[in-house]
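The next block holds one structure in the form of structure tokens; read it before the comments.
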Amino acid sequence: MKSTLQENLTQINNRIREACQRASRNRNEVRLLLATKTVEAERVQQVLDLGESLIGENKVQELKEKCSLYKNPTPEVHFIGHLQSNKIKEVIKWANCIESIDRLSLAEKLNNRLEFEQRKIDIFIQVNTSYEESKFGVAPEKAIDLIRSVSALKNLNIKGLMTIGLFSAEPEKVRKCFQLLKKIQVEAKALQIPGVALDELSMGMSGDLEIAIEEGATIVRVGTAIFGKRIHPDSYYWNEA
Ligand SMILES: *Cc1c(COP(=O)(O)O)cnc(C)c1O
């Protein structure tokens, strides 16, 4: 008998495939990131065993508790939560990529630490496309400046942009957020800043991944639709501390 996790995963992969078809995109242009906050390592492992290979964590504590438990082949790990600079050392022990770089001070501290360790890491710039106070991310008008400044930091590879977008029952309002992220990508690419690739757009979650794929997402981050509801509201994970 199929497990619930397996059924949920099949459904999500069907949604992604159908959205790609509608948008005339190749299915392999879009990766599924499992948003695993609060989910026990054992359940995450079950989904990894079904063939998934990319996970995202929001809290440093969970990152370090769970990541050492995954079996080979271990998943690619992205950090997608708000990052405090005093947690940098711990995060880079576990994460292959940090999607939530939203201020120069943080990028500089991260770069210093990586320089000290003589290594590099992939990062995304997080943009607050919904202009909500409650969400992190650089303001859209300041995104290009931040990309430029961060591009000078030699131990960070800027791979793309990330956004959470508006939670709204009105799809067209959600779509505007994703279109804005795409627009920033196009503008930034046109500047041909040395060392900046910016091919990735991480956007779209359980409720809005179709819209995100239509607007160019290369990574969709899905939690609830695979693992079920969480006990805390999302604001708990997106806020400081
Ligand atoms: C929790 C979370 C997700 C996944 O959200 P769901 O609605 O559960 O799919 C995606 N991105 C970030 C940054 C998150 O914190």
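So what's the stretch 41-112 giving for Rg/Rh, alpha carbon basis, Kirkwood Rh from the mean inverse pair distance?
Values: Rg = 12.8 Å, Rh = 12.7 Å.
Ratio of gyration radius to Kirkwood radius for the stretch 41-112: 1.01.
If you add up the charges near K189, with Lys and Arg at +1 and Asp and Glu at -1, over every other residue whose beta carbon is less than 14 angstrom from its beta carbon, what do you get?
Working: positive: R148, K159, K182, K183; negative: E187, D199, E200.
Once positives and negatives cancel, what remains is +1.
At a 10 angstrom cut-off on C-beta neighbours, averaged per residue, how do the peptides 141-150, 29-38, 166-175 rank from highest to lowest?
Numbers: 141-150: 16.9, 29-38: 20.6, 166-175: 14.0.
For the peptides 141-150, 29-38, 166-175, the packing ranking is 29-38, 141-150, 166-175.
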Greater than 19 Å separation of Cα atoms is the criterion. Which listed pairs, K87/K229; K135/K159; K71/K93; K59/K93, meet it? K87/K229; K135/K159
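How much FRET efficiency would the formula 1/(1 + (r/R0)^6) give for E76 and Y131, where r is the Cβ-Cβ distance and R0 is 25 Å, rounded to 0.05? Display every interim value, and only then the final one.
Working: r = 31 Å, r/R0 = 1.23.
Plugging the Cβ-Cβ distance into 1/(1 + (r/R0)^6) gives 0.25.
Summing Lys, Arg as +1 and Asp, Glu as -1, what charge do residues with Cβ under 12 Å from the Cβ of K120 carry, K120 excluded? Let's see the in-between values first.
Numbers: positive: R113, R119, K154, K159; negative: E115, E117, D122.
Around K120, the charge tally is +1.
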For E65 and E115, what is the calculated FRET efficiency with R₀ set at 30 Å and r taken between the beta-carbons, to the nearest 0.05? 0.60
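Order the peptides 196-204, 7-15, 213-221 from the highest to the lowest mean number of other Cβ atoms within 10 Å of their residues.
Numbers: 196-204: 21.6, 7-15: 15.8, 213-221: 23.3.
Most protected by this proxy first, the peptides run 213-221, 196-204, 7-15.
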Which one, N86, G195, I12, is farthest towards the positive end of the dipole of the chain when Lys and Arg carry +1 and Asp and Glu -1 on their Cβ? G195
Whole-Hz Karplus couplings 3J(HN,Hα) for the stretch 48-61, θ = phi - 60° and coefficients 6.51, -1.76, 1.60, Gly and Pro as x, run 4, 5, 7, x, 7, 9, 9, 10, x, 10, 9, 10, 4, 4
Find which of S235, N112, S130 sits farthest along the positive direction of the dipole of the chain, computed with +1 on the beta-carbon of Lys and Arg, -1 on that of Asp and Glu, about the Cα centre. N112
Mind jotting down the distance between the C-alpha centroids of the stretch 16-48 and the stretch 90-156, whole Å? 24 Å
Normalised by the residues of the stretch 1-95, what does the relative contact order come to in percent, with Cα pairs under 8 Å and at least six apart? 24 percent
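Largest first and in whole Å, what are the equivalent-ellipsoid semi-axes of the chain based on the Cα gyration tensor, each being the root of 5 times an eigenvalue? Before the final figure, lay out the partial values.
Working: eigenvalues 135, 102, 54 Å².
Each semi-axis is the square root of five times an eigenvalue, giving 26, 23, 16 Å.
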Cα lying deepest toward the dipole's positive end in the chain, options L153, T38, V186, charges on Cβ: L153
Given contacts defined as C-alpha pairs under 8 Å and at least six residues apart, what's the relative contact order of the chain, whole-number percent? 21 percent
Just from its helices, what would the mean residue ellipticity at 222 nm be for the chain, if runs of 4 or more DSSP H residues each count -39500 (n - 2.57) and the sum is divided by every residue, rounded to the nearest 500 deg cm²/dmol? -12500 deg cm²/dmol
So, with points 7 Å from each Cα along the Cβ direction, the R22-Q179 label distance in nm works out to 1.6 nm
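In debye, nearest 20, what is the charge dipole magnitude of the chain about its Cα centre with +1 on Lys and Arg Cβ and -1 on Asp and Glu Cβ, if you could check?
Details: 35 positive and 33 negative charges, 64 e Å.
Approximately 300 debye in magnitude.
Output the peptides 98-104, 183-189 sorted from most to least packed, where packing is the average of other Cβ atoms within 10 Å over each peptide's residues. Intermediate results must be reported in sequence, preceding the final value.
Details: 98-104: 22.4, 183-189: 16.4.
Highest to lowest by the protection proxy: 98-104, 183-189.
Treating only the Cβ of Lys, Arg, Asp and Glu as charged (+1, +1, -1, -1), what charge dipole size does the stretch 115-224 show about its Cα centre? Round to the nearest 20 debye.
I would put it at about 300 debye.
About its Cα centre, how strong a charge dipole does the stretch 1-89 have in debye, to the nearest 20, once Lys and Arg get +1 and Asp and Glu get -1 at the Cβ? Walk me through the numbers on the way to the answer.
On the way: 15 positive and 11 negative charges, 52 e Å.
The dipole of the stretch 1-89 has a size of about 240 debye.
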Taking placed amide H atoms and a strict 5 Å upper bound, the residues 5 or more places from D122 or on another chain that come that close are I98, N157
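Go ahead and run the numbers for FRET between L104 and T224, Cβ-Cβ distance against an R0 of 35 Å, rounding to 0.05.
Details: r = 33 Å, r/R0 = 0.93.
The formula returns an efficiency of 0.60 here.
Counting Lys +1, Arg +1, Asp -1, Glu -1, what net charge surrounds I55 among other residues with beta carbon under 9 Å of its beta carbon?
Values: positive: K66; negative: E52, E57, E76.
For residues surrounding I55, the net value is -2.
Bear in mind these aren't lab numbers, they're just calculated from the coordinates by the rules spelled out. Since this is a predicted model, take the numbers as computed values, not measurements. Don't worry about glycine lacking a Cβ; one is built from the backbone with ideal geometry, like all the others, and counts go over all protein chains shown.
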